[in-house]
Structure formats: structure tokens, C-alpha cells
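The values are calculated or read from the model by the stated rules, or taken from the named source; none is laboratory data. If you're wondering where the values come from, they're calculated on a predicted model, not measured in any experiment. Positions of Cβ are generated from backbone atoms using ideal geometry, with glycine treated the same way; all protein chains shown enter the neighbour counts. Note: accessible area is taken over every heavy atom of the protein model, side chains too, but ligands, DNA and RNA are not part of it. Shrake-Rupley method; radii C 1.70, N 1.55, O 1.52, S 1.80 Å.
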Amino acid sequence: MEPTLLAGLRRAVEKDPTDPEAWRDLAVFLERSGGDRAALEDAAWRLVYAWPTSHEGYDMLGRLFAGTPRGEAFAELASEKLLFDPENPYGAGVRAPKERPPEVAQELEPHLLIHRLHIAGPDEIEREVVDRILARAEECGRLLCGALVCFAHDLVPEAGGTLAARALALLGEIGQPDYLGIATPYLNYDEGDIGDHADWAFRRIASRRPAEALDRMRLIAAIGDAGKVADMAEQIAFVPDVPGRAEALLGLMSRLAEFSPDEREMVLLAMLTTATLLEGKHSPLAGRIRAEHAADLSRRAQAQFRKVEADLIKLGPYVAGEEEYDVYDMVCDGFELEDEELPYVRETPKIGRNDPCWCGSGKKYKKCHLAGDEARD
């Protein structure tokens, strides 16, 4: 029975190497069965990076290295995480901090920094924390990716939204084009500040590594659903002018036949908006898209786009530049949480970036008139 169960657990992590619960199940089985220590240590580390907000992986490492300064350090961090866990019915006594050997302190630092980011909740974060995370970009990047996966799996019940938002901004600042795939599902996230932070991360990576970002966007669009294709069409507008940008936008038309009429219309409207942003009035790109796919745009959709187009033309072609906010603005500032008991009422009406646009197009404000309104302001 045990070999069969172990084989099933291994298949689960092979099927989805980012699944936190699959790694937890495998690591627990290996520890309880007294299996190969090397395999157990590997699974425990995988669990730590897949589920960095949980105490379980760190607790397991503490047991693996028991009796050593390294084991004590991991056990202490596990205890702190358990104390913070809202589902822990017993609480836990946090071990008093100790002086650690330099190599242990160095190894533990990225894990302590992400834990600090998590327990901060909506409160402000010191700039020093951001600097230290960026100085350990490789290790912290892996942990931040794990935190986002955990948030998607609903495994971060306490302060999860603020952790996810900050993780996205930090990944954007670290700047690996591969992180675009991790940020994509959050571009249209409606709750809190997560969508804005994903959008900022996209633009930040694209501004510094435009050619690689464009390649990654092509890949995301090639395998994604219609929503992701539309998202990539919109994000291409904010890539600096590099060879292949126009071709990447037009290349999205190759996916249209796979989608429903409504989905095709959504993608085409995103493409037309980007073409007009990039080229302004009489955009050759927009003209080609319309010429090849006029039949896929309803009269209502064409009317909606004409309204948007008129405003975009007034602004002239968009030129990608530095973001107005830096990583410290996105991460260090505190977050406002909505009161769950009483509705929040503004003194003056304000359109949120993810609210329906005032023009009635049905698109989100940030993907319709926001750029024009900000430019006028």
C-alpha cells in the first residue's frame, strides 16, 4: 500500500510542481514513513518555497536539523509563523531570538523578510525591508512566487491580499520576464489593490527588459484563453518601442478563430485600443485590424470604440516611460481595508481603476479612459 501511495503523491507534485498542498502531503508521508533522508529534505525545502506563509515546512526543517544552530533557527521561525496563523487554536510560544552563526543568519534572512512582509498586514513597511528583499532577489523571488500561489489557492487567510499586492510589486522590481506569467492572472483582480499592483509589475518589467517581456507576452497569449490574449493586447501598449512590437500585436489575430464571437470582439477591441494608443490618428495597425476583422465587430462594439478612439487621438501616440510610482510607493505605503460592517462612503465620488468606465463602454476604467484622464489632470 505504501509504495502505491508514495507513487501517487509523487505524481501529484510532478503534475503541478507549484502545488503547496501536494508538497505538504509528500513531505509528511516521507517523514512519517522514515524514508530516504535526502528525499525528505528535498521535499521539505520544496514545501517551504511552495508554501512560505505556513509553519509546516520550517518546522520539518527544524526537526531534520535538530540539535544544530540551523535547526534551532528554522524551529524558531516555524514557531513565529504558527503564532501568527489564525487557524491555530492553541497559539505558540515564540523562542527568544538568539545570535546565529553568520552562515545560518545568511540562509534564514530571505525567509524572515517574507515573514515580516506577511505579518505587516495593511500596515506600512520600512524601506529597509524592501532594500533587503531586493538584495536577496533570487531567494526572495522564489518565496514571493510561492506566496502568490498560496493566495490563489486561498491558503493565506490572514492579510493575504496585502501580501499578494506587495509580492507582485516586488516581483516587478526584481524584473525577471518570467514573472509576467505569474502576474497575468491578477491583472483584472477586482478586490483591493492587487490588480493595480499586477499592472504596475507588468509595466515595470516591460520598461526595463522590453524585448524579453514582449517574447513572454507572446508565449502567454499563445497558450492562454481569450481573457489572457486581451490582457496581452492591452499590455503591449506599454512596452517601449522595440522591434517586433507591432508584429506581436497583429500576431494575436491568429488566435481569434478559437474564440466565441463575444470573446473575439473583446480581443479585437483591446487590439484596436492598443493600436490607437501606439500610433494615434489614422493608425495603420488599427486600419489593418479593422479591415481583416470588421465582420467580427458588432455595431455596438464599433460605436464604443469610436468614443474611446476620439479621446485617445486627442492625446496623441502614447510613449512608454517611467512609472509615476516607484517600488517603495507600491510596497511601503499602508493599505486601506474596507470595513466589513459598515459601507465606506466617499465625500466625493471617485472611479476606481477596476470600476466600469464612465463612458459606458463596459470596459474597466484603467483599460479605457484612465490614461486620457490622467494626462488631462
Original post:
Once fully extended, how much extra length lies between Ile119 and Asp241, figured as 0.36 nm per residue of separation less the alpha-carbon to alpha-carbon distance?
Top reply: 39.9 nm
**OP:** Extending each Cα 7 Å along its Cβ direction at Arg142 and Asp262, get the distance between those two points in nm, one decimal.
**Re:** 4.3
Original post:
Which order do Met266, Met271 take when ranked by solvent-accessible area (1.4 Å probe, heavy atoms of all protein chains), largest first?
Top reply: Met266, Met271
Original post:
To the nearest 10 Å², what's Trp45's accessible area with a 1.4 Å probe?
Top reply: 50
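Let me know the shape class of region 209-328, please: from the alpha-carbon gyration tensor, a ≥ b ≥ c as square roots of the eigenvalues, rounded when a/c is under 1.5, otherwise prolate if a/b is greater than b/c, or oblate.
Here region 209-328 falls in the oblate category.
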Original post:
Residue separation times 0.36 nm, minus the C-alpha to C-alpha distance between Ala294 and Leu112: what's the value?
Top reply: 60.0 nm
Original post:
Does region 145-272 come out rounded, prolate or oblate by the C-alpha gyration tensor, with a ≥ b ≥ c the root eigenvalues, rounded set by a/c under 1.5 and, if not, prolate when a/b is larger than b/c and oblate if not?
Top reply: oblate
Original post:
How large, in percent, is the carbon and sulfur part of the accessible surface of region 200-319 at a probe radius of 1.4 Å?
Top reply: 54
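Quick one: length gained pulling Leu134 to Asp333 fully straight, 0.36 nm per residue minus the C-alpha distance?
Separation in residues times 0.36 nm, less the Cα-Cα distance, equals 69.9 nm.
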Original post:
Given a Förster radius of 35 Å and the C-beta distance between Arg218 and Lys307 as r, what FRET efficiency does 1/(1 + (r/R0)^6) yield to the nearest 0.05?
Top reply: 0.75
Original post:
At a probe size of 1.4 Å, how large is the accessible area of Lys281, to the nearest 10 Å²?
Top reply: 130
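What is region 1-84 by shape, rounded, prolate or oblate, if you read a ≥ b ≥ c off the alpha carbon gyration tensor as root eigenvalues and call it rounded for a/c under 1.5, prolate for a/b larger than b/c, and oblate otherwise?
Since a/c reaches 1.5 but b/c is at least a/b, the shape of region 1-84 is classed as oblate.
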